[in-house]
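To keep things clear, I will list the structure first and then write my remarks on it.
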């Protein structure tokens, strides 16, 4: 089997989307499946991960060659809102564009039941839910005490640390994260992720003025680290994972935090219906709820440990090995009808 595994704009995409594609390619390597990263029309299967214009053209060519087309639904218009400058304006035309682009597939992969339900309103094509998963090996050694101490010292953090990981955008709950920190001045908060409000990079261009203002006006106990070279550092330093995201297709950083035993406090949204409040997370609807949940955890190490153990157990079915088998099974089904 030869898979054309194409990721348009690969050099520019970062975060969970990028890591998901790397995870897929690791799965292909481990299962001995040959693949090319070019959008070639004569492969046995075309798997697309970002539906830009070249991906749309590749899908059209593949269909002319009777090559099955599999598309990962990483983007929705709903998920795009409150992300970057002009994202709310662009989200309106994005929805019909994605409905068209996804409609070129033979089969769609959705990272969660929630995303499948959203995409059902875009197209009635066949869909399979397969988690993006998380790569536990990528985080191996996160529990190294020296790494923890170095990270805490580098950012002047005092444990227990409330943390988040990912792009610094409002859709991820930026304003709620900052306001929660403001309400708990004795607790250190740290957001590990891309932030460059003053430089000349693409991040700076795409970052909205509201995002820059919220970060600039954040309280002293709220640290924005910017990009960290070693992804384990965040999970080494953090003690409670606060994820106030407003809309999420799945949330790889959440899965990673849970796998590391960090008790999560999440916004109560449909994406997280698979989590059980009080067993593997605490759920809240707003800043008042986040503050109340953290009040229950920050000063109670035993409760943090118990909730963290529940989170780690709940994350196990989302490990890369399990979801990789599901992806390979879908490949075989599309190529030669094997179940």
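Given the conditions (1) surrounded by 15 or more Cβ atoms within 10 Å (Cβ to Cβ); (2) farther than 18 Å from residue 319 by Cα; (3) at pLDDT 95 or above, which single one is not true for residue 142? In the conditions (1) surrounded by 15 or more Cβ atoms within 10 Å (Cβ to Cβ); (2) farther than 18 Å from residue 319 by Cα; (3) at pLDDT 95 or above, residue 142 misses (2) alone.
Out of all the residues in the range 269-283, which are in a strand (DSSP E or B) and within 16 Å of residue 247 (Cβ to Cβ)?
The first filter runs over the range 269-283 and keeps only residues in a strand (DSSP E or B), leaving 277, 281-283.
Hit for the range 269-283 is 283, nothing else.
Scanning the range 12-28 finds one or more residues that are modelled with pLDDT under 95 and either part of a strand (DSSP E or B) or under 19 Å from residue 95 (Cα atoms) (or both). Determine whether residue 298 is within 19 Å of residue 161 (Cβ to Cβ), in contact with a helix residue (DSSP H, G or I) (Cβ under 6 Å, 6 or more places away or on another chain) and not assigned by TED's automatic domain parsing to the domain that holds residue 16. Spelling it out, it is not the case that residue 298 is within 19 Å of residue 161 (Cβ to Cβ), in contact with a helix residue (DSSP H, G or I) (Cβ under 6 Å, 6 or more places away or on another chain) and not assigned by TED's automatic domain parsing to the domain that holds residue 16.
What do you reckon, is residue 104 over 17 Å from residue 18 (Cα atoms), at pLDDT 95 or above, touching a helix residue (DSSP H, G or I) at 6+ places or on another chain (Cβ under 6 Å) and surrounded by 22 or more Cβ atoms within 10 Å (Cβ to Cβ)? Against the criterion (over 17 Å from residue 18 (Cα atoms), at pLDDT 95 or above, touching a helix residue (DSSP H, G or I) at 6+ places or on another chain (Cβ under 6 Å) and surrounded by 22 or more Cβ atoms within 10 Å (Cβ to Cβ)), residue 104 does not qualify.
Considering only residues that are in a loop (DSSP other than H, G, I, E, B) and either under 24 Å from the mean Cα position of the chain (by Cα) or not assigned by TED's automatic domain parsing to the domain that holds residue 108 (or both), which ones fall in the range 32-53?
37, 49, 50, 51, 52, listed by residue number.
Of everything listed in (1) surrounded by 13 or more Cβ atoms within 10 Å (Cβ to Cβ); (2) closer than 20 Å to residue 215 by Cα; (3) modelled with pLDDT of 95 or more, the single unmet condition for residue 170 is (3).
For the range 53-70, the criterion of being modelled with pLDDT under 90, crowded, with 21+ Cβ neighbours inside 10 Å and touching a helix residue (DSSP H, G or I) at 6+ places or on another chain (Cβ under 7 Å) is met by no residue.
The values are calculated or read from the model by the stated rules, or taken from the named source; none is laboratory data. Computed from a prediction, not measured in an experiment: that's the story for all the values here. Cβ coordinates were reconstructed from backbone atoms using ideal geometry, including for glycine residues, and neighbour counts include every protein chain displayed.
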